[in-house]
Amino acid sequence: MSIGLSHYLIVAGLLFSIGAFGVLLRRNALIVLMCLELMLAASILGLVAFSRFNATTEHALMAGPVFVLFIIAIAACEVAVGLAIIVTLWRRRQTVELNELNALKN
Amino acid sequence: MNWTELSILLLKAVAMIGVVMTLAGYSVVLERKVAAWVQGRPGPNRTAPPLLGNIPVVGRLLTRMGLFQLPADGLKFLFKEEPVPGHVKKFYYVLAPVMSFVPAIVIMTVMPFGQFIDSTGQVATLILTDLDIGILFILAVSSLGVYGIILAGWSANSKYPFLGGVRASAQMISYELAMGLSILPVFLWVGGTLSLTSVVEAQAGLQWWILPQWTIIYQPVSALIFLVALFAETNRLPFDMPESETDLVAGFNTEYGAFKFGLFFTGEYAHILLGSAVFVLLFLGGWTLPGLPVLAGVFGAVISVLIFLAKVLFMVFLFMWVRWTLPRFRYDQVMTLGWKRLLPLAVANLIFYTVIIAVIEQF
Amino acid sequence: MLNWLFIIFATMVIVPALLVATNRNPVNAAMNMIVSFVGLAAMFVLLETYLLAILQVLVYAGAIVVLFLFIIMLIDAEHAPRPKVLTYAASLVALAILSFGVIGLVNRSMEQGGFADISVDAPAASAYAFGVELFTRHILPFQIAGFMLLIAMIGVIVICRRELDATGTEETRS
Amino acid sequence: MAIKVLERKPLSLAERTYLPQIIGGLKITMKNMLKPPVTLEYPDERPDIPTGYRGVPTLVKDPNGREKCVSCQLCEFVCPPKAIRITPGSIAEDADTAHVEKAPEEFEINMLRCIYCGFCQEVCPEEAIFLQDIFSLNGLSREELVFKKDKLYEIGGTLPDQHFKWDKKKAAELAASGGHH
C-alpha cells in the first residue's frame, strides 16, 4: 500500500474535526483560539496535498501552496487580534472563561 | 542508502557536533579571558591536569592560556549534585535545557564551512546538507530556541525566572522581524537564491582590484541591523534581558544547577558561535579571502575552513568585546529600539536596496 | 520507509492535537500545539513543499505559539475548570460525526475515482516558483494580504491602547 | 547663590545613533586589553609589605637574644578582644638576667580572637610585642591557632633595639655594687 492523497485528506479531516471538537468543548478563550489554529492548519494540509497530487511532470501546481501562504499570513493576523482582545478582556473582567462573559444575559 | 553511507554520514555529523561543541566550550574560556584582559587581570591560568601540565614548556604555556579550564569546568558540571527544587514543574523543568540546546545542533546541519575543489575542478561545498533555502531553515530552527528560555522561566515556578521568561519571549519576537528583514537585501543583491553557498560565492573576488566584494561593504546598514538583532536573539549583553544578573538574580536559569545549567550555558555559546558563522557567511565573505582563490585539493579545503574559522572566532571575540564594554539596556529601551528604531530602519533599508537593485538591473 | 514516516508524522499531528483540545493547562496545550505543527511541517516535507514546511515552523512554532505562551504567562490563566459532562458528551458526538463524515466522504470519492491517487514526479515548489506566482498571477491577493496585516497591526494597537486621562497619566478603561 | 539652569544641547544625528559612543567605548576596552595585567599572581608573587604594616602580633627578642617581655600584662589589659593571656613568672636568682626580675612564664595570643588593632604594640613599654608582616594565617584546628610563647618568638625573631634599657640598668647596678664593695 502506498500513501496516497486520501490518507493526507483523512489526516487533514481528523485534524479539522479535533479542532472543531476543541472549540465546542472548551470554554477558555485561549484554548478556543488554539483550536481555531488547528482547524486552519488542517485546511493548509488539505490544500498542499491536493496541489501536490494534482501536479503534472512539467510544472508544479502552485495555486495551493501560494494560497497556503495567504492563509498563514491571515492566521497570524487572526492570532494577533484575538490575543489582543483576550488581553483587553483580562484587563477589564479578570477572566478569559467564555461562560463568565455573560453581561448581556438577563 | 546502505549502511556504509549511513555510518559515514553519522560520523560526519558526530565530528561536526564535536568540533562545534568544543569551540563553544572554548568560547566560554575565551569569554573569561577577554573579561580578564579588559579588567587588567590575567584570567584563568591555573588549571593543569597532572601529566599534561608537567610537560616542560608546552604544558606551562597551555596552562597559562587556560586551555585546561574547559575540561575542569565540564567535569565540575557533570559531577555536581543535581538539585531539583520541590516547587518546579518537573517535566518542563527537565525539558527546557534540552530545548535550548537542540536548535543549535540542528542548525549545524545546514551550515556550510568550507569548499573542496577536486583535481577535475569540480567544486563541492563542505556542508552536511546543502539546502537551497538554508537561511530560512536557520531562521526557523533558531526561532525555536526561545522555548528553552520560556519553559525554563515558566516551569521554575518562581518570580525571577518567570520575569526572565516573559522578557525573553517578547524580546525574541521583536527582534526576529528586524533580523529577517535585514537579510533580505543580501539575497536580493547576490541574485535570487536563498542558498548560503551561493551567497559566499558571490562575495569572492575583488572589485577594481582593491575593494572586497563583501556584502558588509555594500550594505553596512543591513549588517548593522543583523548584528544588533543577533545580539538580541542570542541574549548577549547589551540585550541580556532574560538573564540580567542585577535585577533578576540569574533570570530564567535561577533554579538550575549542575549539568542542566551547563546545557543552558553551552547552548548559549553554541548559539553565539553559529550566529557568528551566519554573519560571516552573509556579510564577511565566508571562507573566501579577497584576491585569494580557493586552492584545489585537500590542502585548499583545509585553508578555506581555517579562514572561515578565523573569521568566526573574530566575530565571537567581537561578541565578548562588546559584552565587556557596554552596559545593559533597560527593558523598555530594548522594546523601543526593536520596534521603533530597528524595524522601520530595516524596512527602509529593504526598500532602498530594492530600488537600487532595480535601477542597476535596468542599466 | 515513506509509509512508516507518514504514519509517524500523522500520529505526531493527530495525538497532540487531541491533547490541545482536552488538556486543562494552557501551557501544556501550547506545547502540544508546537509538536502538532512540527509534525505538520514534516508532512509538508513528505509532500515536497519544503518552503512551506519551513514557513510553517517559522511562523507557527516560532512566532504564534510564542505569542500564545507570552499571553498565557501575562494573564496567568492556568488550570481551566473541568468542562461539564454534558458538554463533553455532546462535543464527543460532534467529533465522531465529523470524523466519520470526513472519512466516509474521502472513501466515497476514492471509490468514484474523484481524486488522482498517484504521485507524479513534479518539479519541487521552489522559492523561486513561489516568488513568480506571488508577483504575477496572485499580485492582488498578495497586496490584500499585506493590507490585512497592516489593518491587523493597527487594530491590535488600538485594542490594547490604554487611554490617557485629562492629567496625561495612563489609566486603564474600566 | 543663584541656581544656574543649563540647557542640554540637543543630540546630533550621529550621537542619537549611539554608534560613535559605542565605538569609543570599544576603543577604550581594546586599549585596556592590550595593557599588561595589573594584578599580582598571589601565591607565586608576594606583595611588598610596607613598613608599619600591622600583621600578626609577635614577640621579639633584643639583639643579645634576651626576651624583652617583662610580663607587665599591659597588653593583656588593653587587648580589646581579650586575645592575650600571660602567666607571669620570675627569673631565677642566679640567671644572667636576674635584674629584670620578671619574665612571662606563659604567653598566649589567640589568633582567632585577635583583631590586629595594634594596641598591644602601642602600649608595650618594653617594645617587646610587634605586629609584623605576616598577613596570611591559617590552621587546621582551633588549638593550633592559639600561639604559645615559643611559637611567638619563632615568628617574631629579633628586632634592632636602640635603648638596651636592661643592659644599661645592669651596668649601673654592677657599677653601683662595685662602688660599694
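Remarks
- Overall, the protein assembly as shown carries a charge dipole of about 1480 debye about its Cα centre when +1 sits on the Cβ of Lys and Arg and -1 on the Cβ of Asp and Glu, all other atoms neutral.
- Cα gyration tensor shape for the stretch B:239-359, rounded if a/c is under 1.5, else prolate or oblate: oblate
- For the peptides D:43-51, A:8-16, residues were scored by their other Cβ atoms within 10 Å and the scores averaged per peptide; the highest-first order is A:8-16, D:43-51.
- In the protein assembly as shown, the DSSP beta bridges split such that about 95 percent are antiparallel, to the nearest 5.
- Taking Cα centre as origin and charging only the Cβ of basic (Lys, Arg, +1) and acidic (Asp, Glu, -1) residues, the dipole magnitude of the stretch D:48-104 rounds to 340 debye.
- Protection proxy ranking, peptides B:18-30, D:160-172, B:131-143, average beta carbon neighbours within 10 Å, highest first: B:131-143, B:18-30, D:160-172
- Shielding by partners, peptide C:16-25 (average Cβ within 10 angstrom, other chains): 6
- Averaged over peptide D:146-159, the number of partner chain Cβ atoms lying within 10 Å of each residue's Cβ comes to 0.
- Cβ-based net charge around B:L337, under 15 Å, with every Lys or Arg adding one and every Asp or Glu removing one: +3
- Residues B:W339 and B:V302, FRET efficiency given R0 of 45 Å [Cβ-Cβ distance, rounded to 0.05]: 0.50
- Across peptide C:90-99, the mean count of Cβ atoms from other chains lying within 10 Å of each residue's own Cβ comes to 5.
- Global form of the stretch A:5-100, assessed from the alpha-carbon gyration tensor, a/c cut-off 1.5: oblate
- Per DSSP, loop trypsin sites (Lys or Arg not before Pro) in the stretch D:1-80 with at most 11 further Cβ within 10 Å: D:K4, D:R8
- Cα-derived Rg over Rh, computed across the protein assembly as shown with Rh taken as Kirkwood radius: 1.14
- In the stretch D:57-156, inverting the average of 1/r over every pair of distinct C-alpha atoms gives 13.9 Å as the Kirkwood radius.
- Inter-part distance where the stretch B:241-280 and the stretch C:1-70 are each reduced to a Cα centre, Å: 26
- Subset of D:K82/D:K102; D:K61/D:K82; B:K33/B:K80; B:K76/D:K35; B:K80/D:K148; B:K90/B:K340 violating a 30 Å alpha-carbon distance limit: B:K76/D:K35; B:K80/D:K148; B:K90/B:K340
- Prolate/oblate/rounded call for the stretch B:4-100, Cα gyration tensor, a/c under 1.5 rounded: oblate
- Protection proxy ranking of C:55-63, B:149-157, C:102-110, A:22-30 - average other beta-carbon atoms within 10 Å, highest first: B:149-157, C:55-63, A:22-30, C:102-110
- A crude spin-label estimate for the pair C:K84 and B:R60, with each label 7 Å from Cα along the Cβ direction, gives 8.5 nm.
- Over all other residues within a Cβ to Cβ distance under 11 Å of D:Q21, the charged ones net out to +1, with Lys and Arg as +1 and Asp and Glu as -1.
- Sum of -39500 (n - 2.57) over DSSP H runs of 4+, divided by residues of chain B (222 nm, nearest 500): -21500 deg cm²/dmol
Throughout, read-outs are computed from the coordinates displayed, never taken from laboratory work. Here the structure is a predicted model, which is why all the values come from computation and not from measurement. When we count neighbours, we look across all protein chains shown, and the Cβ atoms used for this are built from the backbone with ideal geometry, even at glycine.
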